[in-house]
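Q: One structure is given below, represented as structure tokens, and several questions about it will come after.
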Amino acid sequence: MRNLLRLLRPQQWIKNGFVLIPLFFGGKLFSPSASLSGIIAFFAFSFAASAIYCFNDIIDVEADRRHPVKRSRPIASGAVSLSWAYALMGWMVVLSVLLVTLLPIGRMQAGIVIAFYFVLNLAYCARLKRYAIVDVCVVAFGFVLRIFVGGFATGVTVSNWLVLMTYLLALFLSFAKRRDDVLRMNETGEPPRQNTIRYNLTFINQAITITGSVTLVCYIMYTVSPEVMTRFHAPNLYLTSILVLVGLLRYIQLTVVDRRSGDPTKLLLRDRFTQLLVAAWLLTFVVIIYWG
């Protein structure tokens, strides 16, 4: 049972918290019906994502067995058979579909987006992840799909700003993660991924700098937008850019200096300074949106 749970990677579900972002920014966090819909959408997306994790480990089993870290994964280590992995993948898909049908509104739109995410990631696991740049773009787009699912499920219109910042931030984190692969390739002489040979430290460092800079500029433009300031009644919203800037710098420090960008989820769960920055940023918006 423990190995089956490991195959589902529930620790990665933190990424699906993006499904709840429209609920938060839409001012419906304390609405029982909207919150319930958001939670249902979160688990529906999480089950679909876990099905993809199963599929990824199934088709990558031989490569994982040659990887110094991934060889301990349930299928690669032999702890879970391929038949069990396929069965678990099927159950995750069924559970995801069943949860979508429970949504009181937007079930068709949310279901279509989750289905598109599922098909896109099947293609990603089977082929698209072999192509440098395409791979990180697909991963980043998956986060945009998360917020659309949350928007449809809760009845909140997703703004252009939210789409842009989500995509840019995810792209930044994806390039940082690829840097860990390049370091491992340089140390061992063997690329962890098939497309790693199309990356090097110079390119990755520049890509991280570019995406981080554009993310910050986009966020500043968002905070000084007359539409946003009027909506939140917060003319000093731009001051939160300081937290975003420090957060980006901290992540670059962890990536370049400490070389800890291999798993963004683990990094967020373990780095106290990053947690404090995120908590401060969230608290600021809670005050602005719900008590402003």
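Quick note: the coordinates plus some simple rules give every number you see, no bench work behind them. Computed from a prediction, not measured in an experiment: that's the story for all the values here. Reconstructed Cβ throughout: ideal geometry from the backbone, glycine too, with neighbour counts over all protein chains shown.
Q: Of Ile114, Leu8, Gly78, whose Cα points farthest to the positive end of the dipole of the chain (charges on the beta-carbon: +1 Lys, Arg; -1 Asp, Glu; origin at the Cα centre)?
A: Highest projection toward the positive end goes to Gly78.
Q: Once Rh is set to the Kirkwood radius over Cα pairs, what Stokes-Einstein translational diffusion coefficient, in µm²/s, holds for the stretch 19-65 at a temperature of 25 °C and a viscosity of 0.890 mPa s? Please report the intermediate quantities before stating the final value.
A: Working: Rh = 12.4 Å.
Taking Rh from Cα pairs, D becomes 197 µm²/s.
Q: Work out Dmax and Rg for the stretch 1-158 from the C-alpha atoms and quote the Rg first, both in angstrom.
A: 16.2, 49
Q: A further question on this structure: Please compute P(r) over all alpha-carbon pairs of the stretch 176-227, binned at 10 Å starting from zero, and give each bin as a whole-number percent.
A: Bin by bin from 0 Å, the calculated values are 24, 36, 19, 14, 6, 0.
Q: Any idea what the relative contact order of the chain is, in percent, if you count C-alpha pairs under 8 Å spaced at least 6 apart? Each step should come with its number before you reach the end.
A: Working: 354 pairs, mean separation 52.7, N = 292.
This gives 18 percent for the chain.
Q: Can you tell which of Val139, Leu254, Trp281 lies farthest toward the positive end of the dipole of the chain, using +1 and -1 charges on the Cβ of basic and acidic side chains (Lys, Arg; Asp, Glu)?
A: Most positive-ward Cα: Leu254.
Q: To continue, here is another question. The stretch 187-263 to the stretch 45-118: how many Å between their Cα centroids?
A: Between the Cα centre of the stretch 187-263 and that of the stretch 45-118, the gap is 28 Å.
Q: What do you get when you divide the Cα radius of gyration of the stretch 178-286 by 2.2 N^0.38 Å, with N the number of residues? Before the final figure, lay out each step's value.
A: Working: Rg = 17.0 Å, N = 109, 2.2 N^0.38 = 13.1 Å.
Ratio of Rg to 2.2 N^0.38 Å for the stretch 178-286: 1.30.
Q: Here's another thing I want to ask about it. Could you state, as a whole-number percent, how many of the C-alpha pairs of the stretch 86-199 are farther apart than 26 Å?
A: 33
Q: Quick one: Debye curve from the C-alpha atoms of the chain, no solvent, what's log10 I(q)/I(0) at q = 0.08, 0.11, 0.12, 0.13 Å⁻¹?
A: -0.36, -0.70, -0.84, -0.98
Q: For Cα pairs less than 8 Å apart in space and 6+ apart in sequence, what is the mean separation divided by the residue count of the stretch 1-90, i.e. the relative contact order in percent? Don't jump to the answer; show the numbers that get you there.
A: Numbers: 78 pairs, mean separation 31.6, N = 90.
35 percent.
Q: Please report, in debye to the nearest 20, how large the charge dipole of the stretch 159-292 is about its Cα centre when each Lys and Arg carries +1 at its beta carbon and each Asp and Glu carries -1 there. Numbers along the way, then the final one.
A: On the way: 13 positive and 8 negative charges, 35 e Å.
That gives a dipole near 160 debye.
Q: Across the stretch 266-281, in residue order, what do the Karplus-derived ³J(HN,Hα) couplings come to in whole Hz, using 6.51 cos²θ - 1.76 cosθ + 1.60 with θ = phi - 60° and x for Gly and Pro?
A: Those phi angles translate into 5, 4, 5, 6, 10, 8, 5, 4, 5, 4, 5, 5, 5, 4, 5, 5 Hz.
Q: Can you sort Thr284, Thr274 so the residue with the fewest Cβ neighbours within 10 Å comes first?
A: Values: Thr284 15, Thr274 18.
Ordered from fewest to most neighbouring Cβ atoms within 10 Å, Thr284, Thr274 come out as Thr284, Thr274.
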